[in-house]
1. Given axes a ≥ b ≥ c from the Cα gyration tensor, I'd like to know whether region B:52-124 is rounded (a/c under 1.5), prolate (a/b larger than b/c) or oblate.
2. Which whole-number percent is the relative contact order of region B:75-124 (Cα, under 8 Å, 6+ apart)?
3. What distance in nm separates the two pseudo spin-label positions at residue B:202 and residue A:105, each 7 Å out from Cα along the beta-carbon direction?
4. Quote the FRET efficiency, to the nearest 0.05, computed for residue B:123 versus residue A:138 with a Förster distance R0 of 56 Å and r equal to the Cβ-Cβ distance.
5. Calculate the mean, over all residues of peptide B:118-127, of how many other protein chain Cβ atoms lie within 10 angstrom of the residue's Cβ.
6. Take residue B:8 and residue A:96, extend 7 Å from each Cα along the Cα→Cβ direction, and tell me the distance between the two endpoints in nm.
7. Under a plain spin-label model, where a point goes 7 Å from the Cα along Cα-to-Cβ, how far apart in nm are residue A:76 and residue A:29?
8. Just checking the output field for B:135-148: average partner chain Cβ neighbours within 10 Å of each residue's Cβ?
């Protein structure tokens with residue numbers, strides 16, 4: 001009897017874990033491309049743009065490219081390269097998309113490669129997720145959810161560097177909504 | 001006796017070699033660094049100047065309105081995903097930290113995208129940041145003029161269709177109460193430095 005209960009409990013735990021884990025890790029797979037933690041952050045009030053960030057890993061044997069995508073709260077989606085050199089910020093759209101070589105991991109983050117949500121149609125809310133897609137040249141289209149982090153966040157998840165400051169930032173942000 | 005002389009000669013030669021090396025290194029260091037120093041000092045004297053712009057409140061603002069308080073000024077645009085909101089959030093946090101001293105300086109954000117950043121739009125945008133920060137915009141000519149005075153680089157980068165994005169100087173410039181250039185805060189400079197530089201700016205103003 002005990003053994004049956006134990007087995008049931010274990011099965012339940014495994015079932016729960018299998019449901020909970022992907023949601024918790026916020027990971028997606030498109031063909032050979034693994035997409036980890038797609039996220040965005042609360043833009044300023046009335047802002048027309050927001051940056052999208054994620055980690056892309058090519059687990060396959062041929063190069064692939066992120067060539068597009070969508071997000072439900074924006075009319076347009078672009079893939080950008082950004083750098084700051086000699087105090088000048090430069091940003092440009094990558095016409096041919098972003099290449100991910102076999103075995104390579106490319107991190108899209110603030111201040112570097114990012115996707116850009118343009119002409120935001122609805123305000124984003126911290127802590128919520130927004131649905132969208134990512135399109136890869138070879139691996140095709142995959143549905144993802146971008147987690148909305150607080151204004152000023154520098155990464156997604158528990159180890160956010162901007163955590164203490166983000167509290168006051170989101171405070172400033174929420175004032176704007178009133 | 002001969003061995004002692006030989007040793008002395010070797011020692012003397014070695015010391016001369018060291019002296020030559022040090023002098024050489026010194027000369028190289030001074031000449032290599034000199035242009036940098038000159039450029040910074042030469043540039044510092046020329047940064048800033050008269051301007052005419054409109055604040056997000058609709059008020060006209062000129063350099064005369066800045067007299068009497070030190071100020072931090074930076075340039076950007078509202079369709080900027082990272083540098084501009086980050087700097088505005090940084091300045092919001094710094095003003096909160098300064099508490100009672102916050103009104104001893106001014107913080108100015110100048111749009112280098114006046115075609116899309118109207119005073120009305122900036123008024124909405126600035127609701128996300130400290131009320132003491134002033135956003136400024138103007139005609140394309142007015143913005144070109146202040147950018148030139150502050151030696152700010154900016155340019156349109158064509159995007160999809162009629163759309164475009166902007167490249168621009170991401171540095172925060174710090175000025176004293178008389179409009180004299182003091183120093184800069186670089187993009188992603190740490191919070192501790194930002195705090196120290198703003199505090200110093202307030203101290204300089206007495």
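Rule-based calculations on the coordinates, nothing more; no lab input. The structure displayed is predicted, hence computed values, not measured ones. Backbone-built Cβ (ideal geometry, glycine too); neighbour counts: all protein chains shown.
1. The shape class here is oblate.
2. 51
3. 4.2
4. The computed FRET efficiency comes out at 0.75.
5. Taking all residues of B:118-127 together, the mean is 3.
6. Going by the 7 Å Cα→Cβ label model, 7.3 nm.
7. So the two model labels end up 3.5 nm from each other.
8. 0
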